[in-house]
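What follows is one structure encoded as structure tokens, with my remarks underneath.
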Amino acid sequence: MCGIFAIFGNECNDPQCQNGNIMNGHGDALSSIARGKAKEPLREMAYRCSSKQRHRGPDKTGVVHFKDENIIMVHERLRIIGVAHGDQPLQSDDENITIVANGEIYNFLQISDELSMFYNKPYEARSDCDVIIGLYEKYGDDLVHHMTGMYAFALYDRKNKKIVAARCPFGILSMYIGEDMNGNIWIASEMKCLVEICPYVQNFPIGSVFSHQLGTPNKWRFTKYFKEDWMTKVPSLQVNLKEFRNKLESAVRSHLQCEVPFGALLSGGIDSSLISSIATKIMREKDPNYKLQTFSVGLAGAPDFKYSQMVANYIDSEHHEIHFTVEEGLDCIRDIIYHLETYDVTTIRASIPMFIMMRYIKSHGLKMVLSGEGADEILGGYLYFHSAPNAEEFHYETVSRVLNLWSSDCLRANKSALAWGVELRVPFLDTNFVNYAMSVSPNDRMISDGTKNIEKYILRRAFEGNYLPDEVLWRQKEQFSDGVGYNWIDTIRSHAGSHITDEEFETAKELYPYNTPLSKEGFYFRQVFERIFPNQSCVKTVKQWIPRKDWGCPSDPSGRAQKVHVASKKIIEK
């Protein structure tokens, strides 16, 4: 996991192009925008802008600058795979192709074998992301159909004066694209790198490829490459629990490729607990004495601690409990809004405990952790899904949640971890597993099977046996921001609300017509966000996470707000 940054000079001679003043051969237009009359060299400006995301890749900053073409590419590297030889930007042997890439390509070894045949000589990848160059040379813009993983990258084809950029199917990694006043194209992992210079910034669409010939108009064209039947049709496949289990285990196995120490987040919920259990079983195939390092976070007496310790004992992990106080959490509000680049209430509530935990994990020398994000979206695990009126609506709500993960749980996980230079991997969002699970009939994925009333039923059934204690396997869903301690949400809600008067809140719709805050808490977060990111295009990069009010659900996103929440946390009898 890393940070990418690039500026592509886009001089256009087409009379229909509306770019206006085009950057000249010395980068003067960019410099004048950046510093007014005091011009700043392009390389210095790019290095400075990219420094705002240097926390993502503290191990090395690499720069490639094509001076005559007004193109510069910067990479902030976190060394995970290809530690010795994978520093970026990476270039082809003839230096025609240059890439900056963020992510992990999990099938890079298979791709390397394929490229050996293509080049008719042994191909040894310098890192997993190195294969992107070979795939482009073989397949061109279709390269994304041949790799699996989490990724966001920008590639420059110097011979053809062409940019190719892409983002993985579910937007596990953040990526933004912007335009400065001269029509030049900017790409970065975090929005904060762009907003000083670019009047227009947007999220890079998930599951899409951006291919643009420099010097031509109409550059805002993205091709959606990830298109599956489950997105538009209600599936009818009956679940095969063995196949379901095998696909998740295969996903975890692929996500364990790593050359540095790693661990796993363990809240004590079914999702993170299963990932920790499966990873432990796989690692013990080679070392029967292997102990996974696991981590949980919460206020004193948090509900999650009981269950995370239960799992840690069961899988015999080296477990760490991170305790924080309400005051320590409240101190992080501004920092978390800065790092996450959002004002969404749900995301901010859940991110602060994760942000605190990640700092602890980094202090223990780990650079990668596994986590359980994605299962609730795929399988309808949130408690408000109990209110789904029928199977069809259940299915399309899971589709919506999966395709919007980039704005909520993926954003939280990615940026909370990388704020401290830790990579977070999410096996539930392995493309093969998602495609299988989302192709299962919603009647199988629905909350109840007629005898039980428990979310993610097929996940629990698939892993009955020796994976987890029954008390954890059949534990009701507890949202992360609830599980860290019920007092956390109650206090952050009242604290944030205390900053906003009734009179101020009455102006919410007038002051914030887009994504109007629904509470004083949301109003306060929006205020902080706009102070940090005054560029108005930033406001529209945020999507709010709200349960389905048309299903009769309350607007507050807390799981405890749902009527089915069982405060006693009783074991569900099998």
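General remarks:
- Restricting ILE133, ILE163 to residues that are hydrophobic (A, V, I, L, M, F, W, C) and touching a Phe, Trp or Tyr at 6+ places or on another chain (Cβ under 6 Å) narrows the list to ILE163.
- The number of residues in the stretch 384-440 that are among the small types (Gly, Ala, Ser) and free of Cβ contacts under 8 Å to residues at least 12 places away in the same chain comes to 1.
Here's the yes/no breakdown for (1) over 23 Å from the mean Cα position of the chain (by Cα); (2) farther than 21 Å from GLU137 by Cα; (3) modelled with pLDDT of 95 or more; (4) not in a loop (DSSP other than H, G, I, E, B):
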{"site": "ARG48", "(1), (2), (3), (4)": "yes, yes, yes, yes"}
{"site": "HIS55", "(1), (2), (3), (4)": "no, yes, yes, yes"}
{"site": "HIS65", "(1), (2), (3), (4)": "yes, yes, yes, yes"}
{"site": "GLU76", "(1), (2), (3), (4)": "no, yes, yes, yes"}
{"site": "VAL83", "(1), (2), (3), (4)": "no, yes, no, no"}
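- Taken over the stretch 373-391, the criterion of being touching a Cys at 6+ places or on another chain (Cβ under 8 Å) and farther than 27 Å from ALA417 by Cβ is satisfied by SER387 alone.
- Residues that are assigned to a loop (DSSP other than H, G, I, E, B) and on the phi < 0 side of the Ramachandran plot within the stretch 316-328 comprise SER317, PHE324, THR325, listed in sequence order.
- Restricting MET191, MET147, MET175, MET181 to those that are modelled with pLDDT under 95 and either of a type outside the set (Gly, Ala, Ser) or closer than 26 Å to SER371 by Cβ (or both) reduces the list to MET181.
- Scanning the stretch 292-315 for residues that are assigned to a loop (DSSP other than H, G, I, E, B), surrounded by 18 or more Cβ atoms within 10 Å (Cβ to Cβ) and among the aromatic types (Phe, Trp, Tyr) turns up nothing.
- Checked against (1) at pLDDT below 95; (2) surrounded by fewer than 20 Cβ atoms within 10 Å (Cβ to Cβ); (3) closer than 13 Å to LEU379 by Cα, MET446 meets all criteria but (2).
- When the stretch 387-400 is filtered for residues that are of a type outside the set (Asp, Glu) and either in contact with a Gly (Cβ under 8 Å, 6 or more places away or on another chain) or surrounded by 21 or more Cβ atoms within 10 Å (Cβ to Cβ) (or both), the ones remaining, listed by number, are SER387, ALA388, PHE394, HIS395, THR398.
- Residue match in the stretch 420-443 (condition: out of contact with any strand residue (DSSP E or B) (no Cβ under 6 Å at 6 or more places or on another chain) and at pLDDT below 95): yes
- Wholly enclosed helices (runs of 4 or more DSSP H) of the stretch 392-452 bearing at least 2 residues within 21 Å of the chain's Cα centre (by Cα) and polar (S, T, N, Q): 409-418, 431-438
- Verdict on VAL260 being outside any strand (DSSP E or B), under 23 Å from the mean Cα position of the chain (by Cα) and either touching a residue at least 12 places away in the same chain (Cβ under 8 Å) or surrounded by fewer than 24 Cβ atoms within 10 Å (Cβ to Cβ) (or both): yes
- Filter pass, VAL369 being over 29 Å from PRO169 (Cβ atoms) and crowded, with 20+ Cβ neighbours inside 10 Å: no
The values are calculated or read from the model by the stated rules, or taken from the named source; none is laboratory data. Bear in mind that the values here come from a model prediction, so they are computed numbers and not experimental data. Glycine gets a Cβ as well: all are built from the backbone with ideal geometry, and neighbour counts include every protein chain shown.
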